[in-house]
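Only the coordinates and a few stated rules stand behind these numbers; no lab work does. All values reported here derive from a predicted model rather than from experimental measurement. In this analysis, Cβ positions are derived from the backbone assuming ideal geometry, glycine residues included, and neighbour counts consider all displayed protein chains.
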Amino acid sequence: MMDDQIVRITSRLVAPFIQLYGIYIILHGHLSPGGGFSGGAIFGASLVLIALSFNLEAGIKQISHQTASVLESGGALGFALTGLVAIAFGGNYLANRSAGFPLGEAGQFFSSGAILVITVFVGIKVASTITTLFYNIIEKEEPLGNHKQTD
Amino acid sequence: MDKATVIIMMVVIVTLPIIMTPVLMYVCRFSDRLRNGLAVLTAATTFILTLMLYPFIRDGGVIQQSIFEILPDLEISIHLDILSFSLAALSSFVWLLCAIYSIDYMAKEHACSRYYPVLIFTLGACQGIFFAGDLFSLFVFFELMSIIAYILIIHEQTEEALKAGYKYLVMTIIGGLALFFGVIIIFEIGGTVSLGVGVIVSESSMLGLVAFICFLIGFGMKAGMFPLHVWLPDAHPVAPSPASALLSGIMLKTGAYGLFRVFFHVFSVDLLRSSGWNVILAVLAVITILLGSAVALTQSDIKRRLAYSSISQLGYILLGLSILNFNAITGATFHIFSHAFMKSTLFLAAGAIIWKTGIRNVNEMKGLGRLMPVTMGCFSLAALAMIGIPPLNGFLSKWTLALGALDAGLPGYVLVLLISSLLNALYYLPIIIPAFFEHPEGEENSHEGDDEKHEVQFKIKEATPLMLSAIAILALCTIIFGLTPNNIVFSLSRLTAQYLLGGGSF
Amino acid sequence: MFYILILFLLIFALFLRFIVGVELRSILTIYLLGLIVYFFSFAVAEMPTFGNPHNPAFNEVPERYLEAGPSETGAINIISSVITDYRAFDTLGEATVLFVAIAAVVATLKSHRD
Amino acid sequence: MESAGHQPVLIIVLLLISAFIAPLLYRRWRFLSGAVVLAALTGSFITALLLLSKSGASSSLSYHLGNWPPPWGIELIIDPLRVYMLLVVTGVSLWIFIYALGDLKHELHNDVIGWYYSLYAVLVASMSAITLTNDLFNLFVLMEICAITACAIITIKDQRECLEAGFKYLIMSAMGTGCFLLGVAMIYMVTGYLNYSFIQSELSLALTDYPLNIFTAAALFIVAFGTKAALFPLHVWLPDAHAAAPSPSSAMLSGLVIKIYAFALFMIFYRVFPRSLLDTIPLNEIILWLGAMGVMFGSIYAMLQTDLKKMLAYSSISQIAFIFMGIGLDQPLALTGGLYHIMVHAFTKSTLFMSAGAIIYSTGVRRISDLGGIGKVLPLPLFAFTIGSASMIGLPGTGGLISKWYLALGTLETGRILFLLVILASSLLNAIYYMPIVINAFMSGEEFKEKVKIVPLSMQVTLAAGMILVVISGIFSRQVIIFFEQALTSLY
């Protein structure tokens, strides 16, 4: 879309770092400010950045429609299923400690049981939401050649 | 007969026609004759079953039985007493004759596969009205009959019929809502709407008056009472003649029946007398009588004239009811019978005339008596009964009503009856006298100076025997039940009046 | 008692948007919104002061979140412990909102594309 | 309160999971996608039935999500009224879904049907959760989901007016949600709780300290739910939205979605607001008057319509107002009538919209005046329409009579005959605009000229089921009414 060498190179360089930062925010949701929503948004923003500075094909190379919608459903599904796992362990829906998830030691990375799992799923969900939303709105303006529209 | 048998019989009487309706619809696909036969058979069975209740009634039996609880404290129930029995027997009798009459009359008509099921269904709903054990069931069956009867009214599907039918439907729904309102108020006041508890409302209250007026509107609408009669003169003429006979002969009476129930089983008679609420009905009834008769004079369509006449005749019944003494109630009840016989005869005869000759205008009926002597004879008999000529039943009911009015010290009502009789004479005699004593139109030119030719043209073009028999049986009834006051119908009426005024005992 | 007035003003304002002509509508809407703000300001004036420890909102609910949160949920980030554990069902709802938003957008765009 | 097993939450989660996988399945196995949602709907309906047998008519069970007790965690409550509403929601949506399986193929693009199934399942899940939840903020989240899905199943149809109507609906309902959130914030600020039961006990104390905040919150709640449920002056979005939507969506929106908000308002009035608040400011009175106006104006507007679905939509405004009148009269009998009307109207209006949908499906005719003689070519849909109209008018033998009976008893019990007259007048108006359609369709003697497609089996079955439901709700209502009588004693 944007035909500018500086922007392209910068964004190509910066994007992995943004993604890493997003993953960090997601994974450290239970330890520091942040969490699934903010981390997912950051991760999604990196994909939007690539699509903006190159073009939509480049963005879709990173994460295809198919993958995006699988992640889309998968994130929410994972969240819901985590809740069901708690039921299987004998707690109520979405229970954490009382269902027997190992809490670990507060402050460690592997602590807080289901919270970490849920945060990751929310992160996936939010990231894919942002990219899918962006792609869909962009596609309206600029029909794609090589990408099959209806699958 | 024990109680259980009677209850089962009553349920059968109500449900048999309703169950037969889909059967008839199904049978229509295969054979018209089978359908007609089945319809008549159903009506006949209903009539016979109803008559079989007589021994129980003669012994003074009264039944109140709940069948199905639809809501807490609100049920579909049945009630049998002498009033229910009288009207149920009457209605199934007239229905049977009309069904027989229909076989030939409807043979040329379209959509018979709709007509017969509806005819039989309305019979069931009608019996349901008469056997209803509480106001709610009464209301349910009343609505059922009214709405379904719509299909009978618009049977011809002409523009005119549709317009009349729409008017009828709107009025029916207004009346139904008024009834609904009334039933709800009674439920609120008394906590029950059963007819078996004697009297529900015995204290004067604003709410009670509202309920009373609602019932007047609801049932009065059906009975063609004065300001609510507007649907009637349009609806009755457009229906096929057997249906008009039923509409005028029986279905109007369901309104009167409802008012009987309201007067004697919902409100106490003392309350009505002391608060003077019955005067409302009396005033409306007087207007109805005079207006109906007067307007009938101006109508030239025979069925319209008969319809207006129905309005005025229903006025008699309501007037008798509003007087609230023994003779008046007897007269009113007897007039239900009389009018059913007379008006059904008239409508069926008029139907036969229209069917055979296509003449609807009363001025063209000159000489018809020569063409159709039996039909016209029966017509004349019933018309004379309407006027109130002594050996016929119309006289007996008017006489009893007049006695009742005099007992109550209201000679003005007698005057109303007399004026109405005079008007009746004025609009019936111009039909029957030219029919017998004048020559048919078109013959008048040719028969000048040529008497033999006239004899040749005197040929009989009667309707079919089935139709004639139905008309004749009804016409006979007007004589049989009018010759002396010692006939079964009159004594039933007396017993009814006694029962109603005695508060549930003979 | 006059707070019922707020209600009616709100309703009236909404109603006006659809029945009155454009110019009159905008003027009236501004007046009405002004009135609503005026009345709301009374409610704002009455609100519990921000940050006051005696406010009704500081009851046993946040107390437990703050004190027992880390030990009960294992997360030292209290916000995380509230949104993904104490009230995780709300978060499931929010995730569903995102899913539904995507579904709505995709479906609408797809069906109106051609 | 004893524990309730996991059924209540399973209903919601089952539907959500089916919604999440439906679009994925639709890419490969189209048939499976519908089957999964159908199975989830059936499962949730059966689970709701199990809940009914478990909870009975008077006990109430509670489910603590995540094992956190109420003021800290979110609580679902299963009491008789909620179970009733849950049954209506799951049952009616299952029924409409079977209809949708047949109807959608011609209303929507082939690609988006999978998304439609998914949205539908989420909508049902959110409505079930709204009935069960006992937490104000959770209610807000669920209302958001419900608003978006309800809007999406309108705009999913490939027509311009659907976009416009959906946008109007989205704006109005976003505003409603906004008002609600503001109200929740105010309530939370002065009580410190989000759980219904805790708020209820705390509010009567807070009423002395912060009356203006609470009044404002109450006003905001009325505006919020009034907008969403199309209470009279806030109804402006409804006619377009319901008329433009695909027929299964119309049936769903008119049959359930607006009612769920009326039910939520009912819950707020009787489970969140303490009695002292309702006594201090006459909130019920406001609802009653707005309801009465809605009953009249809805009917009058409906009379003026020429489009079949638009007429049905306006008629919904007047019918939802009956439910509000039941709440407004604040009296057990009237509430019985109002709550029963939720079910009756769900059956009736869905049947009517379905038959309108069947008419449009097989002939493409929408104008009321073009329907002459259609009864002969489409007997079943028009017969269903007739039964539905009878119930709208309140003829005996249909559910409409029962709810009107109880509403009318309620008006008499409180001595307000004026409102009884409103109910009767609206019945009459209903008769005036429903009857001519029926008469015209069956009796006019005209011949219907358009080409007619055969109605699919799934639509025919659901239409027949609709007729039976309407009649059953009018005849076998005694048990339900007794159930209400017992359930409502807990409110007074």
*Taking the Cα atoms of region B:299-428, what is the range of coordinates along each of the three principal axes, in descending order and whole Å?*
48, 23, 19
_Projected label distance in nm at B:Phe30 and D:Thr306, using a 7 Å step from Cα toward the beta-carbon_ = 4.9
*Taking all pairs of different Cα atoms in region B:171-257, averaging 1/r and flipping that mean, what Kirkwood radius in angstroms comes out?*
14.0
_Stokes-Einstein D (µm²/s) once Rh is taken as the Kirkwood radius of chain B over alpha-carbon pairs, at 10 °C in 1.306 mPa s_ = 70
_Using each residue's phi in region D:153-166, evaluate 6.51 cos²θ - 1.76 cosθ + 1.60 at θ = phi - 60° and report the 3J(HN,Hα) Karplus result to the nearest Hz, with x for Gly and Pro._
6, 8, 6, 5, 7, 7, 8, 5, 5, 5, 4, 4, 4, x
*How many nm separate the modelled label positions at D:Ile468 and D:Arg275, each set 7 Å beyond the Cα in the direction of the Cβ?*
4.4
*For D:479-488, what's the mean count of beta carbons from other chains sitting within 10 Å of each residue's beta carbon?*
1
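What is region D:1-86 by shape, rounded, prolate or oblate, if you read a ≥ b ≥ c off the alpha carbon gyration tensor as root eigenvalues and call it rounded for a/c under 1.5, prolate for a/b larger than b/c, and oblate otherwise? Walk me through the numbers on the way to the answer.
Values: a/c = 3.92, a/b = 1.87, b/c = 2.10.
Oblate, because a/c is 1.5 or more while a/b does not exceed b/c.
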_Can you tell me how region D:266-419 classifies by the Cα gyration tensor, rounded, prolate or oblate, using a/c under 1.5 as the rounded cut?_
prolate
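Given 25 °C and 0.890 mPa s, compute D for region D:110-167 with the Stokes-Einstein relation, Rh being the Kirkwood radius over Cα pairs; round to the nearest whole µm²/s.
203
Could you list the square roots of 5 times each eigenvalue of the Cα gyration tensor of region B:351-403, that is, the equivalent ellipsoid semi-axes, sorted largest first and rounded to whole Å?
Ellipsoid semi-axes (Å, largest first): 28, 10, 8.
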_Distance between modelled label sites at B:Leu51 and B:Met1, nm, 7 Å Cα→Cβ extension_ = 1.3
*In Å, what is the Rg of the alpha-carbon atoms in region C:60-112, and how long is Dmax?*
16.7, 53
*asked:* How large is log10 of I(q)/I(0) for region D:228-287 at q = 0.15, 0.19, 0.21 Å⁻¹ when the intensity is taken from the Debye formula with one equal scatterer per alpha-carbon?
replied: -0.56, -0.75, -0.83
*Okay, helix-only estimate at 222 nm for chain D: each DSSP H run of n ≥ 4 adds -39500 (n - 2.57), divide by all residues, round to 500 deg cm²/dmol; what do you get?*
-26000 deg cm²/dmol
*Restrict the search to region D:13-112; then list the chymotrypsin sites (Phe, Trp or Tyr not before Pro) that DSSP places in a loop and that have at most 14 other Cβ atoms within 10 Å of their Cβ.*
D:Trp29
_Cα point-scatterer Debye curve for region A:5-141, base-10 log of I(q)/I(0) at q = 0.22 Å⁻¹_ = -1.22
*Radius, Kirkwood style, for chain D when every pair of distinct Cα atoms is counted (Å)*: 22.4
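Pull up the DSSP beta bridges for chain B and report the antiparallel fraction as a percent, rounded to 5.
Among the beta bridges of chain B, antiparallel pairing accounts for roughly 90 percent.
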*Two-site FRET efficiency, C:Thr49 against A:Glu57, from Cβ-Cβ distance with R₀ of 45 Å, rounded to 0.05*: 0.20
*Give the calculated FRET efficiency between B:Ile488 and B:Ile8 to the nearest 0.05, with a Förster radius of 22 Å applied to their Cβ-Cβ distance.*
0.30
*Using amide H atoms built 1.01 Å from N in the peptide plane, name the residues 5+ places from D:Ser444, or on other chains, whose amide H lies under 5 Å from its own.*
D:Gly373
*Please compute the net charge surrounding D:Thr191, taking Lys and Arg as +1 and Asp and Glu as -1 over other residues with Cβ under 11 Å from its Cβ.*
-2
*Once the Cα atoms of helix D:478-488 and of chain D are each reduced to a long axis, what angle between those two axes, in degrees from 0 to 90 to the nearest 10, is obtained?*
30
*What helices in chain B pass both tests, a Cα length along the helix axis of 30 Å or more and a mean Kyte hydropathy of 1.6 or higher, using whole DSSP H runs?*
B:3-27, B:82-105, B:278-298, B:411-437
*At a Förster radius of 45 Å, what calculated FRET efficiency corresponds to the Cβ-Cβ distance of B:Ala294 and B:Ser113, to the nearest 0.05?*
0.65
_Prolate/oblate/rounded call for region D:208-350, Cα gyration tensor, a/c under 1.5 rounded_ = prolate
*Using Cα-only point scatterers and the Debye equation, what is log10 of I(q)/I(0) for the protein assembly as shown at each q in 0.04, 0.07 Å⁻¹, rounded to two decimals?*
-0.29, -0.77
*Considering only DSSP beta bridges where both residues belong to chain D, give the percentage that are antiparallel (nearest 5).*
90
